[in-house]
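Visitor: Before I ask anything, let me first share the structure, which is written out below as structure tokens.
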Amino acid sequence: MNTTDAPPARSGLRARPRRASVLIVALMLAAIISVSLVSYIKLCTNSLKLAQRTMFANTASNLVEAGLEEAVWSFNQMGAGVAVDTAWSGWTRDHTKLAAVIVRSGGTGYTSAPTVTLSGGGGSGATATVTVAGGRVTAISVTNGGSAYTSPPTVALSGGGGAGATASATVRSARRTLATFPLDQNATGSVKVYVAGYDGYDGNPLIVAQSTITPYDSGTPVIKIIQVTLRFNGPFVNGVVAKNGINWNGNPMADSWNSNPSNSLTGPWTAYTVAGARANTTVADLTGTVDLGANGVVNGTLSLGSAVAYGNTGTVNGTKNYNFSYQFSMPAYPTTASLDKYYNIGSAVPATLPRIGDLANTADGRYYYFVVAASFGSTTTVEAGKKVTIVGSGNSAVAGTITIPAPTVPIPTPASLFVYTDGSIMVTTGSNKTKYVNNAWAGALQLYTTTTADTTINGNENIRACIFAPNSAITGNGGGSSAAAGGFHGSFVGKTVTSNGHMNFHYDESLARIASAKPWSLTVWRELQTAAERAWYATQLGY
């Protein structure tokens, strides 16, 4: 019997396809895992970068605030009476270039950017551009500071289809770069600070701080820029302020001069002259009606509340704005609880103050006297170089003759008299007629009263004083026929202000530096986020 061998089984041929499919599946799984791992790593990396950027953004916010605090600290130093040079020690300052143009009123109806014209100030070459949003002027950016300016140039806006926008310039700037900050993850932080109007002359200084954090890997820096505008809260930052109306008759005039341009605590304080007159006063009213008459002249700003009725009377050689606001609250009167040296002297005020043997309060070197139902006698003379405060109650009135001598070298400060009372501060009839012989400066005689009685000023003599009487109707009866003859030199605040005759109001700009209890307050805090906004201060922060 024949037999045939069966062919051998091809087991190897069958195994190879199985192994190939397993390999393909393994490769596909490996690829999927690789893609997943790469994606996960990228996700983790992006999360890390985002966390890092978030951390740097928070750190940048802290750093930029540190820069702002450096500037605010210097302002508060000035408010506490520290000299400007000391308060801003360590800062680089400049007085010859246009530092900033600050928008006072945005106006309405602007469809395009108006043209800004800068004139005067003794220098040249300054240029600026205007930003408009929502029909209002929102910012004015200095593109070239120019050179050789000795005072702020006048700012004029024209065109753009709108009206009512106003702005003012300052040429006094300070800048500072803080020491480099070493940060986590080997990053570094830097802070630049720029201040326009650092010495407080403007009353609305501008602070711009920029923080920059540079990562160790040279990635995109994290930048924060904050713009802050401050407002000085001194009681005498304006020339004439009324709560409920101004009525000028005859030929009244308001202007200004600066008795102490160096801002020195020891003077000298120069007297007003026609040649030294400036157009930097402010005549302001919050409510009611303003009538400057046919011949009234304001050489400076006329600032009115939004509800004031004003018929464009008189002549205003400066800016008009309609956004005036003011706190007519009385300052806190001194009390015995806050003093270690003081004297209760009843109703009789001595002819000469301080009295022999009396001691000054330790904290401020002033002599404090508390009186009740007092009239300040026939004469009251402050001893040269002494600082006296009188606190009156029971309808204590300022009457008679008050004499303050001029400071003499080497006396470090002028004599001064501050009066806080509830009675009339000036009576112009009979033996009670008040006469001021103030040979120091207007800030050396400060009178505060809550009285509702009228206050009358006879301008036949030059009166140097600061009067804060927000509940009193103040009337000035002018004398003389020229700007230099008679008038009121200083600053005053009243319920209403009436002027008769040739009453001249000469505001001393140095009074703007007399501080209240909280000298500086914040009016604008704004983070500049867009490229257009940051371009506003590219020139100033480019140092």
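Visitor: Checking the conditions here, which among Ala126, Ala156 is touching a Gly at 6+ places or on another chain (Cβ under 6 Å) and more than 26 Å from Glu70 (Cα to Cα)?
Guide: Values: Ala156 fails: touching a Gly at 6+ places or on another chain (Cβ under 6 Å).
Exactly one of Ala126, Ala156 is touching a Gly at 6+ places or on another chain (Cβ under 6 Å) and more than 26 Å from Glu70 (Cα to Cα), namely Ala126.
Visitor: I would also like to ask the following. Given the conditions (1) surrounded by fewer than 19 Cβ atoms within 10 Å (Cβ to Cβ); (2) modelled with pLDDT under 85, and given that Trp269 satisfies all but one, which numbered condition is not satisfied?
Guide: It is condition (1) that Trp269 fails.
Visitor: Here are some residues: Arg231, Arg172. Which one is within 18 Å of the chain's Cα centre (by Cα), basic (Lys, Arg) and crowded, with 24+ Cβ neighbours inside 10 Å?
Guide: The conditions single out Arg172.
Visitor: Residues that are at pLDDT below 85, under 32 Å from the mean Cα position of the chain (by Cα) and more than 19 Å from Ala351 (Cα to Cα): which strands (runs of 3 or more DSSP E) entirely in the stretch 373-473 hold 2 or more of them? Walk me through it before giving the result.
Guide: Numbers: elements: 379-382, 387-393, 401-404, 416-421, 435-438, 445-449, 455-459.
Of the strands (runs of 3 or more DSSP E) lying wholly inside the stretch 373-473, those with at least 2 residues that are at pLDDT below 85, under 32 Å from the mean Cα position of the chain (by Cα) and more than 19 Å from Ala351 (Cα to Cα) span 455-459.
This table checks each residue for (1) surrounded by 18 or more Cβ atoms within 10 Å (Cβ to Cβ); (2) in contact with a Lys or Arg (Cβ under 6 Å, 6 or more places away or on another chain).
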position	(1), (2)
Gly123	yes, no
Val137	yes, no
Gly161	no, no
Thr166	yes, yes
Val191	yes, no
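Visitor: Quick check: anything in the stretch 321-343 touching a Gly at 6+ places or on another chain (Cβ under 6 Å), under 27 Å from Val240 (Cα atoms) and surrounded by fewer than 19 Cβ atoms within 10 Å (Cβ to Cβ)? Can you show your working first?
Guide: Start the filter on the stretch 321-343 by keeping residues that are touching a Gly at 6+ places or on another chain (Cβ under 6 Å), which leaves 324.
Next cut, under 27 Å from Val240 (Cα atoms) only: 324.
Restricting the remaining residues to those that are surrounded by fewer than 19 Cβ atoms within 10 Å (Cβ to Cβ) gives none.
There is no residue in the stretch 321-343 that is touching a Gly at 6+ places or on another chain (Cβ under 6 Å), under 27 Å from Val240 (Cα atoms) and surrounded by fewer than 19 Cβ atoms within 10 Å (Cβ to Cβ).
Visitor: If you don't mind, there's one more thing I want to ask. What are the pairs, 6+ residues apart or on separate chains, where a residue within the stretch 192-218 that is farther than 15 Å from Trp91 by Cα has its Cβ under 6 Å from a residue that is part of a loop (DSSP other than H, G, I, E, B)?
Guide: Final answer for the pair search is Gly203/Val237; Pro205/Gly197; Gln210/Leu541; Thr212/Pro221; Ile213/Ala187; Thr214/Pro221; Pro215/Ala187; Tyr216/Ala187.
Visitor: What is the residue count in the stretch 335-359 for residues that are closer than 10 Å to Val388 by Cβ and either assigned to a helix (DSSP H, G or I) or hydrophobic (A, V, I, L, M, F, W, C) (or both)?
Guide: The qualifying residues number 1.
Visitor: Kindly indicate whether Gly189 is more than 22 Å from the chain's Cα centre (by Cα) and in contact (Cβ under 8 Å) with a residue 40 or more places away in the chain.
Guide: Details: more than 22 Å from the chain's Cα centre (by Cα): yes; in contact (Cβ under 8 Å) with a residue 40 or more places away in the chain: yes.
So Gly189 fits the description; yes.
Visitor: Here's a follow-up. Wholly within the stretch 199-318, which strands (runs of 3 or more DSSP E) include no fewer than the required count, namely at least 3 residues that are among the aliphatic types (A, V, I, L, M)?
Guide: Details: elements: 206-214, 222-232, 240-242, 246-248, 253-257, 281-285, 289-291, 300-304.
Once the strands (runs of 3 or more DSSP E) in the stretch 199-318 are filtered for at least 3 residues that are among the aliphatic types (A, V, I, L, M), what remains is 206-214, 222-232, 240-242.
Matching residues to (1) in a loop (DSSP other than H, G, I, E, B); (2) free of Cβ contacts under 8 Å to residues at least 40 places away in the same chain; (3) under 23 Å from Val228 (Cα atoms); (4) in contact with an Asp or Glu (Cβ under 8 Å, 6 or more places away or on another chain):
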position	(1), (2), (3), (4)
Thr96	yes, no, yes, no
Ile102	no, no, yes, yes
Gly107	no, no, yes, no
Leu118	no, no, no, no
Val137	no, yes, yes, no
Gly146	no, no, no, no
Ala156	no, no, no, no
Arg176	no, no, yes, yes
Ala179	yes, yes, yes, no
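The values are calculated or read from the model by the stated rules, or taken from the named source; none is laboratory data. Fair warning: this is a prediction, and the values are worked out from it, not measured in the lab. Reconstructed Cβ throughout: ideal geometry from the backbone, glycine too, with neighbour counts over all protein chains shown.
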